[in-house]
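K.L.:
Submitted below is the structure of interest, expressed as structure tokens.
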Amino acid sequence: MRKIFKAFLMTFLVLSSVCYTGCEKEKNENGNNSNNGNGNEPQTVVLAGTAWVGKYTDTYQSYPAKLTWSLDFTDETSGEFFFELVVAGQEQANQSIPFTYTFDGREGTMNAGEMGTSNFTYDSITNTISMNLMVEVSNDGSTLGGVTTFYLRGQEPHDDDDPTTDTIDDGVVPGEITDQFPANTRWNASQNTVYHTDELGDLPMTLDYLLTFNNNHIATINVTATVWGQTSDPKTVRFNWTFDNASNTGTLTTKGVPMSYSFNPNDNTIVTEFSFDPNGSGTSGGATVFRRVEDKGLIVRL
């Protein structure tokens, strides 16, 4: 059994494809995670002693604003943020923020006292951390920031003065900065399905999804699979997103292939057709209902 599950992990991480009804398969091109081995065995991820950088592009009173967060995990339970804000090319503020945290290897919670708490996720495929970080300007009550992606310090993408620039070759490129729905929202979903094997037939499998809409019209879906109580590392696919408020519908597009979705404001859900082929022997999934993750995140007050 364990031999088969090792094969499942390898297949899921290296050979599996996220696909959509009637669309081409999608290869993983995000590179290797420095915290993991060859994919056969789940590795323990340790954040203590690591340093990360996250950048977020926004606007303040029609002026371009850049938020830079330096994130240091001092030990197994505590760390510190260093926050910098530049508006229209002028430095506005910087602040150090101590925090405590918990982390289970994939997800964690960060506590910064009166500034609040924020859940965060670690993606082993892209070797990044994602969390919701906000800044409140005290003199007018406006807010900046949102879901921010952190890279290991020294490995963040070169931005040519544009921190939304991304060089992953999947046809997904940043778009106009927006605060319109569904920007800066996160959604999750879960499906009980089967994993097809020649040796043991169909095995019960749970697929868990996390859908994130960033403010630069890029979205990501992370998929993890659990078989026999063991969970694979996530499979990540990026999209460009659009949304029409009049019809409450939109598209998620990667490599030129669109996938439609709809938003139901009555029950605060997003529905799309999402299918997944974990080992090339048949798709799992289908109509997927995503429910919003209510995460206020850390709020820094200037």
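The values are calculated or read from the model by the stated rules, or taken from the named source; none is laboratory data. Source: prediction; values computed, not measured. When we count neighbours, we look across all protein chains shown, and the Cβ atoms used for this are built from the backbone with ideal geometry, even at glycine. Side chains included, ligands, DNA and RNA excluded: accessible areas come from the protein's heavy atoms. Shrake-Rupley method; radii C 1.70, N 1.55, O 1.52, S 1.80 Å.
K.L.:
If amide hydrogens are placed 1.01 Å from N in the peptide plane, which non-local residues have theirs closer than 5 Å to the one on residue 133?
P.N.:
Answer set, sorted by chain and number: 146, 147, 148.
K.L.:
Using modelled amide H (1.01 Å from N, peptide plane; none on Pro or chain starts), what sits under 5 Å from the amide H of residue 128, excluding residues fewer than 5 places away?
P.N.:
Under 5 Å from the amide H of residue 128 lie the amide H atoms of 123, each far enough along the sequence or on another chain.
K.L.:
Could you give the C-alpha radius of gyration of the stretch 38-125 expressed as a fraction of 2.2 N^0.38 Å, taking N as the number of residues it contains?
P.N.:
1.28
K.L.:
How do the peptides 254-263, 195-204 rank, highest first, by the average count of neighbouring beta carbon atoms within 10 Å per residue?
P.N.:
Values: 254-263: 16.7, 195-204: 13.6.
Order by mean packing, descending: 254-263, 195-204.
K.L.:
Turning to a different aspect of this structure: Could you pull out every residue, at least 5 positions away or on a different chain, whose amide H is within less than 5 Å of the one on residue 153? Hs are placed 1.01 Å off N in the peptide plane, and Pro or chain starts have none.
P.N.:
Counting only residues 5 or more places away or on other chains, the set is 51, 52, 53.
K.L.:
Sort 291, 106, 186 from largest to smallest accessible area, using a 1.4 Å probe on the heavy atoms of the protein chains.
P.N.:
On the way: 291 130, 106 80, 186 20 Å².
If we order 291, 106, 186 from most to least accessible, we get 291, 106, 186.
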